Amino acid sequence: MQTITLGSNGPIVTAIGVGTWAWGDTLFWAYGKDFGSQDVAEAFQASIDAGVTFFDTAEVYGLGESERLIGKFSQQTAVTIQIATKYFPLPWRWRRESIANALTASLGRLQTSQISLYQIHWPLEFVLKTRDFMEVLAQEVKKGRIQSVGVSNYSAAQMTIAHDYLAERGIPLAVNQVPYSLLTRQIEQNGVLQKAKQLGVTILAYSPLAQGLLTGKYNAETVKHLQGARRFDSRFSSSALQQLEPLFSTLKDLSEKYDKTPAQISLNWLIAQGNVIPIPGAKNALQARQNAGALGWSLTPEEVELLRQKSIK
């Protein structure tokens, strides 16, 4: 199994993870309607069976239900898993102790005393300053409740500030979790990817399949019946899909060459960027097995570049 170290000396995790935003979320992902607890339990087990043991969640996913589900599933397996979760600095939690209290609550839902990675979900500086976040999380590393510290949705400048505050306490910034896919490449232009490489910060790529656009299952007909968050995404319009046809065609050609799905090709492209961990969602066992199929093989450098060029609009 391919593995990667979070940051410069953090925990070792599988080179692909499982994003669990949809687990327990009824608002955006129709949990309880299109899929339910049994489906995600099977997705968890299928991931474990495939050797993928890194799960990313957050306290706000399903208002804690995602964490509760992972906690429940983790108690039902003998396999050691790595868990990442996040603190969302909601406006009424404005004290430093709010961070520690939120971590305590997350650990309770996850039914564990330590997690691999704890992240600040958004850089909402009007609530608490970056120094406050980092000083509290540095203390939590020393207490042993978290193994590494990360941020999410931070700019290059914000990530650098967080890195520097942690460095004062001898702790590296392990992760910046940001959207990244063949169709979401802003971090290549806004300095985040370059700065992460300079600082030794691992990129956790969320929405690595662009909400499913890169799976190959969406066309002018299927987008008429969208559910959940995709209904609000302009990329799922018929005209937008038509513009993406050159990329889709290339993904199809490579799929046939490697006997892989377009999603597996797209995930492998992210892994090929180096120090990038895609964390695709999985609502059921089939999706979990398909995601794991992105590991154990590699696109050629020429194919990586070809997909890069085809994804530029």
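The values are calculated or read from the model by the stated rules, or taken from the named source; none is laboratory data. No experiment lies behind these values; they were computed from the predicted model shown. As a convention, Cβ positions derive from the backbone with ideal geometry for all residues, glycine included, and neighbour counts pool all protein chains shown. Note: accessible area is taken over every heavy atom of the protein model, side chains too, but ligands, DNA and RNA are not part of it. Shrake-Rupley method; radii C 1.70, N 1.55, O 1.52, S 1.80 Å.
Annotations
- Among the listed pairs K195/K217; K217/K260; K72/K217; K257/K310, those beyond 24 Å (Cα-Cα): K195/K217; K72/K217
- For region 1-95, a simple Cβ point-charge model (Lys and Arg +1, Asp and Glu -1, everything else neutral) yields a dipole of about 380 debye relative to the Cα centre.
- Dimensions of region 33-121 along the principal axes, based on C-alpha atoms and rounded to the nearest Å, stand at 41, 31, 17, largest first.
- Under the Debye formula (equal points on every Cα, no solvent term), log10 I(q)/I(0) of region 62-200 at q = 0.13, 0.21, 0.22 Å⁻¹: -0.58, -1.30, -1.36
- Surface share of carbon and sulfur [accessible, 1.4 angstrom probe, percent] for region 76-163: 56
- Amide N of region 1-35 lying under 20 Å from the label point, which is placed 7 angstrom from the Cα of L63 along Cα→Cβ: 20-35
- Against the main long axis of the alpha-carbon atoms of the chain, helix 37-49 sits at an angle near 90°.
- Shown in residue order for region 275-287 are the 3J(HN,Hα) couplings computed by the Karplus curve 6.51 cos²θ - 1.76 cosθ + 1.60 at θ = phi - 60°: 6, 10, 10, x, 10, x, x, 8, 8, 8, 5, 4, 5 Hz (x for Gly and Pro).
- Averaged over its residues, region 1-111 has an accessible area of 43 Å² per residue, based on protein heavy atoms and a 1.4 Å probe.
- Placing +1 on the Cβ of every Lys and Arg and -1 on the Cβ of every Asp and Glu, with no other charges, gives region 30-86 a dipole of roughly 120 debye about its Cα centre.
- Accessible carbon and sulfur surface of region 242-301 relative to its total accessible area, %, 1.4 Å: 49
- Region 151-206, accessible area per residue, ligands and nucleic acids excluded (1.4 Å, Å²): 36
- Pairwise Cα inverse-distance average, inverted: Kirkwood Rh of region 67-112 (Å): 11.7
- When you filter the chymotrypsin sites (Phe, Trp or Tyr not before Pro) in region 1-103 for DSSP loop state and at most 14 other Cβ atoms inside 10 Å of their Cβ, you are left with W92, W94.
- Above 38 Å, the calculated P(r) of the chain contains 10 percent of its Cα-Cα pairs.
- Note on region 167-216: Cα Rg divided by 2.2 N^0.38 Å, N the number of residues, gives 1.34.
- Only one residue of I99, Q76, A30 has its Cα farthest out toward the positive end of the dipole of region 9-106, where Lys and Arg carry +1 and Asp and Glu -1 on Cβ, and that residue is I99.
- If you take the Cα centroid of region 146-162 and the Cα centroid of region 24-54, the two points sit 28 Å apart.
- Helix 130-143 axis, angle to the chain major axis (alpha carbon atoms, nearest 10°): 80
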